[in-house]
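Notes to accompany the following structure.
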Amino acid sequence: MVDKNDAAFRELEDEMRRERFAALWHQYGIYVILFAAAIVIGVAGSQLWQTWSQSRAEAVGTEYETAVALAHAGKTEEAIAAFGAISETGPKGFATLARLSEASAYLKQNRRAEAFAIFDRLAEDRSTDPLLANLARLQAASLRLGEADFTEMENRLKPLLADGNAWRFRASELLATAALSAGKLDEARALLTPLIADPNLSRGASERIDRLMSGIAAAELGGTRGQAATGQATTSPAPAAATTPAENDKNAETPASAP
């Protein structure tokens, strides 16, 4: 008798569960379906987006290679137009590279103002990759060399002098050139001395630094002679001897690299 009662209770409980489930499904079932559909659509959409993004990146990569080929072929105006189009519509990474290449193409035509505007804008754009933003900052500063005063050059280049910065060698060299031109011989020597013994310094950079150090010595010798002749300390800054990154880029379609 007890077993029969237990069975009856179990059947009743099962029936009540089914009724509660049916009521819950009737009330909330549509939301369950929508949630499941959202998951399916999200996964499918993500896969489609990745496929589209990869396809788009490949297409833009081909466009970039075509633009570089135009620049190498001497079709600079066409290359500038192609780089400009990529920078407007391409993914962020390709857009930045296209901007830098466009600026280099402008330099090839000696259109320094257009190149400077691009470099300066990229340097100040916080969304630009830090490595490329620092390169743009270095290039912008190189275009201001000889026109800007030492304070401006120091403000532009000081952020690049930190240890570990990929462009610190060229930034130190460039700022030393500005210091030498401004007659700030002690500052110029202080910037160059640590570089001389650096094992990571390239041969070309080492030769440029040797020329700058010779310029400092010549300026100091000229100042000593002037003091002996007039009884006053005079300093005659030597002309800048370093080759700036922007000057290196005049005959190149892609940005200059660190030494």
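What the table shows:
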| read-out | value |
| --- | --- |
| Sorted by Cβ density within 10 Å, fewest first, the residues Glu63, Glu77 | Glu77, Glu63 |
| Cα gyration tensor shape of segment 118-163, rounded if a/c is under 1.5, else prolate or oblate by comparing a/b with b/c | oblate |
| Residues Glu207, Glu154, sorted so that the one with the fewest Cβ neighbours within 10 Å comes first | Glu207, Glu154 |
| Cβ-based exposure ranking for Ile196, Ile118, in which fewest neighbours within 10 Å come first | Ile196, Ile118 |
| Rounded to whole Å, sorted largest first: equivalent-ellipsoid semi-axes of segment 139-227, Cα gyration tensor | 21, 17, 10 |
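Throughout, read-outs are computed from the coordinates displayed, never taken from laboratory work. In this text, all values refer to a predicted model and were calculated from it rather than measured experimentally. Using ideal geometry, Cβ is built from the backbone for each residue, glycine included, and neighbour counts are taken over all protein chains shown.
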